[in-house]
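The values are calculated or read from the model by the stated rules, or taken from the named source; none is laboratory data. Everything numeric in this text was worked out from a predicted model, so none of it was measured. With ideal geometry, Cβ positions are generated from the backbone for all residues, glycine too; neighbour counts draw on all protein chains shown.
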Amino acid sequence: MNSDPTMNTRPAADPADWLDSALAADGGSHRDAYLDDAGFTARVMAVLPAPATLPAWRKPALSVLWAVAGLGAALALPTAATDVARELFRLAAHPVSLLEISAAIAALGAISWAGAAYVLRQD
Amino acid sequence: MAPPGVADAELIARVVVHDDRHAFSELVRRYQSPIRATLRRMTAGNHALADDLAQETFLLAYRNLKSFRHEARFPTWLHRIATNAFLADARKRKEELLGDRDGDVVDDEDGDGLDAGGAGDGHERAASLKLDLERAMATLSEAERAAIVQCYHNDLTHEEAAYVLDCPVGTVKTHVLRAKQKLKLRLAAWNPEPDATA
């Protein structure tokens, strides 16, 4: 649709043209008239599709999944913590070079940037 | 429930994001009158058909509200849906509509036109012209009638009418021109200067 108002043209409403005058007068009375709702809105609302409802089994299934995930995390976390501590200790014993640190930062940055670009992409 | 002062855009957002039925009912309440009135005009006074089409219009609007991109005002978008519904229905019922028209409206195909109402005061004359105009409008093709309704009754620009009618601006102008020629011929008796137009 043209958004430039200067380009918009109205039908030639010629006051000297009796048909234009008649159509304009008829149109004016049409615009001024208000049609009472008389139950129309209620009829429209009655034919709208029913609201989307989740299946009854979805909520208990989600609860079970969360419980399983929680149990897994509880079992895995203690060993994960000791593994991370052991690796940090090993790294401290063998200092890494500046080049290795730069490469790791660059790799993490690239991964973060690619992840952000993927999440924020326009469909 | 959404108060009447809430902007269309906010109501639309509520419907799209939260499927807010109250917000949608407020939109229907707000625009039922112009949409039904326009459809009554386009269906040449068939109120039952107009209300059915208006109901279909709002149902389609509800289903497609997510695709509404605000490239036009919301009521203009609704008019576009209503006009499409009318033209699609007219194509389906063309035979039936033509039959009705032949039976009770078009009774002087040879171009004598409608009676100018004769004597009477200004009020009677205006009412008589209005009636004759309605009858003459019924003789137009669906596309011509839709163009006249959008341009004169809804006071849209040619560009807005082209958006609503989903056709080029030139086509709208052609429909309006042809419709006016037909109306002038049919309502020739109302022409105050019969010799000036032929």
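Summary table below
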| item | result |
| --- | --- |
| Test result for B:Phe24, under 16 Å from A:Val44 (Cβ atoms) and within 11 Å of chain A (Cβ to nearest Cβ) | yes |
| Counted residues, the stretch A:37-62 - those being of a type in the set (Ser, Thr, Tyr), in a helix (DSSP H, G or I) and loosely packed, with under 10 Cβ neighbours inside 10 Å | 0 |
| Selected residue (criterion: nearest to the other protein chains (Cβ to nearest Cβ)) from residues of the stretch B:166-184 that are of a type in the set (Val, Ile, Thr) and over 14 Å from the mean Cα position of the chain (by Cα) | B:Val169 |
| Matching helices (runs of 4 or more DSSP H) fully within the stretch B:10-93 where at least 2 residues are farther than 21 Å from B:Ala147 by Cβ and touching a residue at least 12 places away in the same chain (Cβ under 8 Å) | B:21-42, B:47-64 |
| Test: residue in the stretch A:17-35 that is assigned to a loop (DSSP other than H, G, I, E, B), of a type outside the set (A, V, I, L, M), more than 7 Å from every other protein chain (Cβ to nearest Cβ) and loosely packed, with under 10 Cβ neighbours inside 10 Å | no |
| Scan of the stretch B:47-67 for residues that are more than 11 Å from every other protein chain (Cβ to nearest Cβ) and farther than 15 Å from B:Val28 by Cβ, ordered by number | B:Ala48, B:Leu49, B:Lys66, B:Ser67 |
| Residue among B:Thr57, B:Thr76 that is at pLDDT below 95, of a type outside the set (D, E, K, R), within 17 Å of the chain's Cα centre (by Cα) and surrounded by 15 or more Cβ atoms within 10 Å (Cβ to Cβ) | B:Thr76 |
| Candidates B:Asp121, B:Asp115, filtered to the one that is closer than 21 Å to A:Ala24 by Cα, away from chain A (no Cβ under 14 Å) and at pLDDT 60 or above | B:Asp121 |
| Of all residues in the stretch B:134-165 being among the acidic types (Asp, Glu), more than 17 Å from A:Asp26 (Cα to Cα) and within 11 Å of chain A (Cβ to nearest Cβ), the one that is surrounded by the fewest Cβ atoms within 10 Å (Cβ to Cβ) | B:Glu159 |
| A:Ala74 vs. criteria more than 10 Å from chain B (Cβ to nearest Cβ), exposed (fewer than 10 other Cβ atoms within 10 Å of the Cβ), within 29 Å of the chain's Cα centre (by Cα) and among the small types (Gly, Ala, Ser) | no |
| B:Thr197, sole failed condition from (1) in a loop (DSSP other than H, G, I, E, B); (2) away from chain A (no Cβ under 11 Å); (3) modelled with pLDDT under 85 | (2) |
| In the stretch A:31-54, residue nearest to B:Arg40 (Cα to Cα) [restricted to those that are out of contact with any Pro (no Cβ under 9 Å at 6 or more places or on another chain) and at pLDDT below 85] | A:Ala33 |
| Count of the stretch A:29-83 residues which are closer than 30 Å to B:Ala127 by Cβ and of a type in the set (A, V, I, L, M, F, W, C) | 4 |
| Complete set of residues in the stretch B:145-171 that are without any contact (Cβ under 8 Å) to a residue 60 or more places away in the chain and touching a Leu at 6+ places or on another chain (Cβ under 6 Å) | B:Tyr152 |
